């Protein structure tokens with residue numbers, strides 16, 4: 001990473017979904033704040049892993065970074081060009097939307113449903129080449145597809161090229177999806193839980209392949225996962241960052257090993273706890289949260305959104321929204337505990353004996 | 001986490017066993033040939049333990065779960081013996097029960113939780129009705145049962161009235177799965193078999209549910225079989241582990257033996273392939289090759305094409321279980337070489353010394369709660 005201009009720049013991004021309340025219901029529609037006030041810069045050759053619980057908005061944020069999801073607030077720029085202005089033809093469009101769209105690609109969680117079941121692997125992979133590199137002869141296209149298949153260890157490539165998606169294993173489908181994205185010559189690929197559905201023994205292999213290709217093709221990656229160990233594997237190997245999301249907000253972001261070994265936000269510590277290790281002597285103890293279930297994103301808590309579950313929460317956390325504070329080199333965290341002389345330290349601890357805390361201590 | 005009380009009771013012929021599988025085999029006739037999706041499995045589950053069964057997708061682990069309740073779907077054919085030992089009653093031959101007896105056995109004695117809670121609940125029925133119907137179907141006292149339902153739901157950190165008044169789709173995935181666990185133990189079964197009960201949930205919820213399960217187990221005196229593809233997930237929960245590969249159980253033993261002194265090359269490679277926050281990054285290694293097709297399982301040891309230790313013997317014949325020690329079995333001719341040939345990630349070898357000393361450590365503390373004491377020296 002360097003001080004160069006970012007490839008993608010998100011500024012105060014907000015994605016709010018209105019939920020239809022139904023026929024003949026004239027009350028205010030409910031708004032789900034999937035992403036709320038996120039700033040993020042992604043550079044060339046950068047890897048960012050977004051982690052968080054289901055419903056925290058990590059996929060929505062990922063889709064926003066590749067211009068698949070239109071934000072309801074804030075701006076997203078690709079090499080300085082506002083993506084949605086380009087799409088709408090607003091102002092001076094320096095980079096046409098069509099080019100931007102091509103440079104930002106996605107690999108879905110379920111590769112099975114993103115590959116056309118009626119087309120052979122060869123046809124699936126040749127179509128992006130036909131579309132974007134029309135000058136290529138059909139022989140060159142064919143050779144390009146075969147060499148890519150070989151590169152991801154799908155050998156003999158002629159055999160694989162002739163198969164239909166249902167004749168591939170889960171890991172092989174995922175590779176085809178990865179090649180298809182790479183054939184567009186993208187600057188950034190969003191991999192949405194791309195390894196979660198694979199067996200444990202195949203995950204490392206797939207992640208190694210993604211890292212190798214990321215390096216060879218100079219592509220940046222945004223990797224979305226609920227699993228901190230996968231996130232760490234990808235981000236640490238590539239010198240990338242891990243971003244932790246909670247209820248639509250990026251609560252902590254920093255270099256991978258820093259997030260794993262020196263987590264600052266209480267929520268990051270919760271995720272660290274939730275990641276199993278292979279040491280049976282380390283029985284983990286109680287979950288370090290006051291409540292198990294994530295609050296309703298339609299009605300997020302006031303102040304710091306984590307205060308209803310946070311074991312460190314004090315009264316001020318329910319009232320004030322924490323800013324983003326520096327916690328180290330490239331390491332930022334949204335928690336008052338970063339500031340030594342913050343009002344937080346003199347504020348009253350929040351206790352809720354009535355529910356969460358009492359439940360967790362019961363039985364010990 | 002500790003092992004089961006191995007020194008005395010386990011060796012007493014079957015007195016503390018709750019269920020026993022012998023030569024359990026499931027086959028499907030297909031156009032391409034016979035598909036054997038469970039192959040000659042022998043397994044004992046001890047009363048009061050948590051047994052973790054680990055296998056990758058397509059290794060036959062769900063068939064193992066279904067065999068315990070004789071609920072393999074047609075046209076699958078289950079053969080072998082499954083014997084259930086009630087606490088103070090005669091052993092039950094599960095595969096030769098009348099339909100009515102089998103219906104009673106399920107849920108009242110042996111209960112099961114599947115992966116997708118959404119498809120386990122009827123979408124047109126409220127959660128409360130599921131509890132009431134289940135109690136009625138098994139002639140249980142509904143009022144007493146619903147009191148128990150309240151207690152179970154709050155044991156699982158749910159608001160009982162809110163959950164009971166909901167439909168399945170109104171609950172989050174984690175709440176739904178917990179409600180399903182409560183429903184599965186509403187008739188106070190002795191054995192709870194769980195097939196990937198947390199797989200669709202995110203890690204925080206998975207881990208929290210495991211914590212709750214170990215409490216539930218203590219409070220309601222349950223025996224649990226927890227089936228998963230994720231070895232690291234059950235490592236903390238299980239007293240004993242059984243590892244499946246290609247429709248067979250290749251290794252069984254106390255959890256700390258499996259983690260520190262795995263004897264089967266597959267188990268060792270699987271451990272090395274598991275992403276782990278504590279292991280050095282460079283030490284994670286995928287397992288080359290892929291698991292076999294059930295119609296076309298390799299001759300001899302089914303792991304031989306992927307195994308670095310394989311030789312002619314492994315191709316010629318299928319290994320029987322060999323005893324690593326009296327609580328640890330492995331189906332591998334060359335297990336004694338595995339430790340040297342397939343070194344484990346550095347992260348774990350330094351803690352492994354304690355366990356290498358052998359039996360004394362293995363038969364150590366009885367209760368999982370004591371594990372923190374036992375682990376003190378490691379940290």
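Laboratory data are not the source of any read-out in this text; all were calculated from the coordinates shown. Remember, predicted model here, so these are calculated numbers, not experimental data. We place every Cβ from the backbone using ideal geometry, glycine too, and count neighbours over all the protein chains shown.
Quick rundown of the values:
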item: Pairs of alpha carbons in region B:16-238 whose separation is greater than 33 Å (percent); result: 15
item: Translational D in µm²/s for region A:169-245 (Stokes-Einstein at 10 °C, 1.306 mPa s, Kirkwood Rh from C-alpha pairs); result: 126
item: Residue A:185 paired with residue B:188, simple spin-label distance in nm, labels 7 Å along Cα-to-beta-carbon; result: 7.2
item: Relative contact order for region A:119-163, counting Cα pairs under 8 Å that sit 6 or more residues apart, in percent; result: 47
item: Whole-number D in µm² s⁻¹ for chain B, Kirkwood Cα-pair radius fed into Stokes-Einstein, 10 °C, 1.306 mPa s; result: 73
item: Degrees separating the helix A:121-132 axis from the principal Cα axis of chain A, which is the longest one; result: 90
item: Average other protein chain Cβ within 10 Å of Cβ, residues A:267-277; result: 5
item: Size-normalised alpha-carbon gyration radius of region B:251-351, reference 2.2 N^0.38 Å; result: 1.09
item: Other protein chain Cβ atoms within 10 Å, averaged over every residue that makes up B:150-162; result: 2
item: Fraction of beta bridges assigned by DSSP in the protein assembly as shown that are antiparallel (%, nearest 5); result: 60
item: Computed helical MRE - 222 nm, chain A, DSSP H runs ≥ 4 contributing -39500 (n - 2.57), nearest 500; result: -9500 deg cm²/dmol
item: Kirkwood-Stokes translational diffusion coefficient of the protein assembly as shown, alpha-carbon pairs, 10 °C, 1.306 mPa s, µm²/s; result: 57
item: Principal-axis tilt of helix A:200-216 within chain A, Cα atoms, nearest 10 degrees; result: 70
item: Between 0 and 90°, nearest 10: helix B:203-220 axis offset from chain B longest Cα axis; result: 70
item: Helix-only [θ]222 nm of chain B, DSSP H runs n ≥ 4, -39500 (n - 2.57) each, per residue, nearest 500; result: -10000 deg cm²/dmol
item: Mean Cβ count within 10 Å, highest first, over the residues of peptides B:137-143, B:177-183; result: B:177-183, B:137-143
item: Extent along principal axes [Cα atoms of chain A; Å; largest to smallest]; result: 72, 57, 52
item: Size descriptor, Kirkwood hydrodynamic radius, that averages inverse alpha-carbon separations across region A:78-230, Å; result: 16.4
item: Whole-number percent relative contact order across chain B, with pairs defined as alpha carbons under 8 Å at least 6 apart; result: 22
item: Debye equation applied to the C-alpha atoms of region A:160-298, log10 I(q)/I(0) at 0.12, 0.19 Å⁻¹; result: -0.58, -1.20
item: DSSP bridge pairs, chain A: antiparallel proportion in percent, nearest 5; result: 60
item: Kirkwood Rh and Cα Rg combined as Rg over Rh, evaluated for region B:117-159; result: 0.99
item: Alpha-carbon spread of region A:119-163, three principal axes, descending order, Å; result: 27, 20, 15
item: Shielding by other protein chains, B:220-230, mean Cβ within 10 Å; result: 1
item: For peptides A:113-121, B:53-61, A:87-95, B:209-217, sequence by mean Cβ density within 10 Å, most packed first; result: B:53-61, B:209-217, A:113-121, A:87-95
item: Sequence ranges A:43-52, A:305-314, ranked by mean other-Cβ count within 10 angstrom, highest first; result: A:43-52, A:305-314
item: Among beta bridges that DSSP assigns inside chain B, antiparallel share in %, nearest 5; result: 60
item: Zone residues, region A:51-71, relative to residue A:132, backbone N less than 20 Å from point 7 Å out along Cα-to-Cβ; result: A:62-69
item: Anisotropy class of region A:257-330 from Cα gyration tensor, a/c 1.5 cut; result: oblate
item: For chain A: relative contact order, % (alpha-carbon pairs under 8 angstrom, 6 or more apart); result: 18
item: Whole-angstrom gap from region A:87-133 to region B:223-254, using each part's C-alpha centre; result: 42
